[in-house]
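Accompanying notes for the structure given below.
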Amino acid sequence: MNTHFTDVSIQKVRDYWNARPCNIRHSTAEVGTEKYFMQVEARKYFVEPHIPLFAEFEKWRGKKVLEIGCGIGTDTINFARAGAEVTAVDLSAESINLATKRAEVMGLSDRIDFFEANAEHLADFIPAQKFDLVYSFGVIHHSPNPGKIVEQVRANFVHTDSTLKLMVYYRYSWKVLWMVLREQGRFWRLDDIIAKHSEARTGCPITYSYSKKSVETLIGSGFEIDNIFVDHIFPYQIPKYVKYEYEKVWYFRHLPEPVFRALERRFGWHLCLTAKAV
Ligand SMILES: C[S@@+](CC[C@H](N)C(=O)[O-])C[C@H]1O[C@@H](n2cnc3c(N)ncnc32)[C@H](O)[C@@H]1O
């Protein structure tokens, strides 16, 4: 088990995500407007088209969904829009505020309960209940003790047959190689390098990364894996991307699409796991 970040304070993590909630710059429209939220969603699923496929929003109509680390609520809204009854938590008050506003603007407030909470102590914040789906996309690897979040879920919020859908970062990915090259190959500082470069804003206090084996160990014996795969290589030139232009870097521009897809499925940054509680 990687314990590199266990001593980092949760306040440091909270401050980081409050200073710039995830995907907050995905639109130039006025923050909090319908146009803003629509543009955030369009950009997110354009750049990460595997998310709706992984989440299977429609499948959860009429079901109870717990989302851990909802950020500004892009997936949250899609679960609710598809007809799920959603409970969404996040550590960052700024993110929760915006996600709450989003639910209001989209007319979905009655389907979503939001909680500002550290998921490592989930049962202290959320009333005891069982969920059909526990979903967490790109979250638990930013917490000091990701295993504690899994433990909270397993002990309190799932019944036999509940589904767990988890995305954590993949250690043996193209993106990690790119980071190490950027840092002059100092691979012995790998965990710090990954944390430094993992997000849009540099200097994330905590970013763990996993192999297929180590994520299996993380979720432990209370879950049985149905499906595990990697996906997602970010192919765009960053200086253009931040200006909402989508031009690929030269080495991906000339790659045939099937070859690029094969690379994503082998060296993608997102390690996506679907498991059943047993
Ligand atoms: C990369 S963002 C992902 C947000 C969202 N899932 C998405 O895909 O847009 C990571 C989120 O995890 C939240 N987070 C990190 N540690 C957490 C914890 N211990 N409990 C709850 N949320 C946490 C952060 O506040 C942040 O909003």
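Computed from the coordinates by the stated procedures, all read-outs in this text should not be read as laboratory data. Model, not experiment: these values are computed from the prediction. Glycine gets a Cβ as well: all are built from the backbone with ideal geometry, and neighbour counts include every protein chain shown.
Nearest-5 percent of antiparallel DSSP beta bridges in the chain? In the chain, approximately 45 percent of DSSP beta bridges are antiparallel ones. 3J(HN,Hα) along region 201-209, derived from phi through the Karplus expression 6.51 cos²θ - 1.76 cosθ + 1.60 where θ = phi - 60°, amounts to 9, 5, x, 4, x, 9, 8, 7, 9 Hz, with x in place of Gly and Pro.
With the cut-off at 1.5 for a/c, could you classify region 173-270 from its C-alpha gyration tensor as rounded, prolate or oblate? It is oblate, given that a/c is not under 1.5 and a/b is not larger than b/c. Using every pair of separate Cα atoms, the Kirkwood estimate puts the hydrodynamic radius of region 1-148 at 15.7 angstrom.
Restricting the calculation to Cα atoms, region 50-110 shows an Rg/Rh of 0.94 when the hydrodynamic-style radius is the Kirkwood one.
When the chain is treated as a Gaussian network with alpha carbon springs shorter than 10 Å, the biggest mean-square fluctuation among Leu66, Leu108, Leu166 belongs to Leu108. In sequence order, region 227-242 has phi-based couplings of 7, 9, 8, 10, 7, 5, 10, 7, x, 8, 6, 4, x, 7, 4, 5 Hz under the Karplus curve 6.51 cos²θ - 1.76 cosθ + 1.60, θ = phi - 60°, and Gly or Pro positions carry x. Counting charges near Phe267 (Lys, Arg +1; Asp, Glu -1) among other residues having Cβ under 15 Å from its Cβ returns a value of +4. Compute the Cα gyration tensor for the chain, then decide on rounded, prolate or oblate, letting a ≥ b ≥ c be the square roots of its eigenvalues: rounded whenever a/c is under 1.5, prolate when a/b is larger than b/c in the other cases, and oblate in all that remain. Cα axes put the chain in the rounded bin. Per residue of the chain, the DSSP helices (runs of n ≥ 4 H) give a summed -39500 (n - 2.57) that works out to -10500 deg cm²/dmol at 222 nm. As a proxy for reagent exposure, Arg111, Arg253 were ordered by neighbouring Cβ count within 10 angstrom, fewest first; the result is Arg253, Arg111.
As a rough footprinting exposure proxy, the listed residues Met38, Met1 were ranked by other beta carbons within 10 Å of their own, and the order from fewest upward is Met1, Met38. If R0 is 30 Å, the Cβ-Cβ spacing of His254 and Leu181 corresponds to a FRET efficiency of close to 0.90.
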